[in-house]
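Quick notes on the structure that follows.
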Amino acid sequence: MFPIINIDDEIDLRLIKSIDANDIFKLVDANRDYLREWLPWLDINVAVEDSIAFIKRSEQLAEERKSLVMIILYYNKPVGITGYNWIDWLNRSCEIGYWIAQDHQKLGIVTRSVRCLTDYAFNTLNLNRVNLPIASGNVKSRSIPTRLGYQVEGVMREVEWLYDHFVDHVLYSMLQNDWKSANEAA
């Protein structure tokens, strides 16, 4: 269902596979302190077996067309994860999530990946809405949907438990008609 998506000469997105478990675990482990600031699952990913279990669940959900987890390859090297956390075919909507290794920030990798996934959601999957919830304090991550023209819909209060406290999320969204209008004008 989901091929390798070549974004440009630098970036490819590929469905995550079991063979990626060691690379993904090493990437998570090397960036554990950095990722921990905004991602709640670091304490349940402490061994390669945890990455294997995550990938198997991801493969099953992709097969069921309920979500899609993709590895971000930068010059063919794994640098992060992105994809559709969930896909709601009935309501033609999805949610994008992402994380990237600290040493690959500020290269436009995530922005280009989210742009590609947004375009794919509308033009290939024929979805109507893309959601992007981001912790309100995560300024770097929040700049990505802003840069791409997503609209702020509101704040979901205390929606995520982050180790020892709740965090609010800002909900960003893009609609198919808005995306197409913006891209036709560009």
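Taking P(r) over Cα pairs in 5 Å bins from 0, in percent straight from the coordinates, which label in (i) 1, 6, 11, 14, 15, 14, 13, 10, 8, 4, 2, 1, 0; (ii) 1, 7, 12, 14, 17, 17, 14, 10, 5, 2, 1, 0; (iii) 1, 8, 16, 20, 22, 19, 10, 3, 1, 0 is the correct one?
(iii)
All other residues with a Cβ under 12 Å from the Cβ of His169 taken together, and with Lys, Arg as +1 and Asp, Glu as -1, what is their net charge? Before the final figure, lay out each step's value.
On the way: positive: Arg142, Arg157; negative: Glu95, Glu153, Glu158, Glu160, Asp168.
Once all neighbours under 12 Å are counted, the net charge is -3.
How much length is gained on full extension from Thr111 to Ile4, taking 0.36 nm per residue of separation minus their Cα-Cα distance? Intermediate results must be reported in sequence, preceding the final value.
On the way: separation 107, 0.36 × 107 = 38.52 nm, distance 1.77 nm.
Net length gain for the segment: 36.7 nm.
Accessible area of Glu49, 1.4 Å probe, to the nearest 10 Å²?
Only protein atoms counted, so the area is about 130 Å².
For segment 1-62, rounded, prolate or oblate, judged on the Cα gyration tensor with a ≥ b ≥ c (square roots of eigenvalues), a/c < 1.5 rounded, else prolate if a/b > b/c? All intermediate terms of the calculation are to be shown ahead of the outcome.
Numbers: a/c = 2.09, a/b = 1.38, b/c = 1.52.
It is oblate, given that a/c is not under 1.5 and a/b is not larger than b/c.
Taking a ≥ b ≥ c as the square roots of the Cα gyration tensor eigenvalues, with a/c under 1.5 meaning rounded and otherwise prolate when a/b beats b/c, else oblate, which class fits segment 100-139?
Details: a/c = 3.95, a/b = 1.58, b/c = 2.49.
Oblate.
Which peptide among 5-17, 124-136, 159-171 comes first, and what is the full order, when sorted by highest mean count of other Cβ atoms within 10 Å?
124-136, 5-17, 159-171
What FRET efficiency would be calculated for the residue pair Gln151, Arg36, taking the C-beta separation as r and a Förster radius of 41 Å, to the nearest 0.05?
Details: r = 29 Å, r/R0 = 0.72.
Plugging the Cβ-Cβ distance into 1/(1 + (r/R0)^6) gives 0.90.
Treat each spin label as a single point 7 Å out from the Cα along the C-beta direction, and report the Val46 to Lys180 distance in nm.
Inter-label distance under the simple model: 5.0 nm.
Mind giving me the nanometre distance, one decimal, between the label points for Glu160 and Asp88, set 7 Å out from Cα along Cα→Cβ?
Roughly 1.8 nm, to one decimal.
So what is the diffusion coefficient of segment 116-162 in µm² per second by Stokes-Einstein at 4 °C and 1.567 mPa s, using a Kirkwood Rh over Cα pairs?
On the way: Rh = 12.2 Å.
Rounded to a whole number, D works out at 106 µm²/s.
The values are calculated or read from the model by the stated rules, or taken from the named source; none is laboratory data. Remember, predicted model here, so these are calculated numbers, not experimental data. Here the Cβ is made from the backbone with ideal geometry for all residues, glycine too, and neighbour counts use every protein chain on show. With ligands, DNA and RNA removed, areas are computed over all heavy atoms of the protein, side chains included. Shrake-Rupley method; radii C 1.70, N 1.55, O 1.52, S 1.80 Å.
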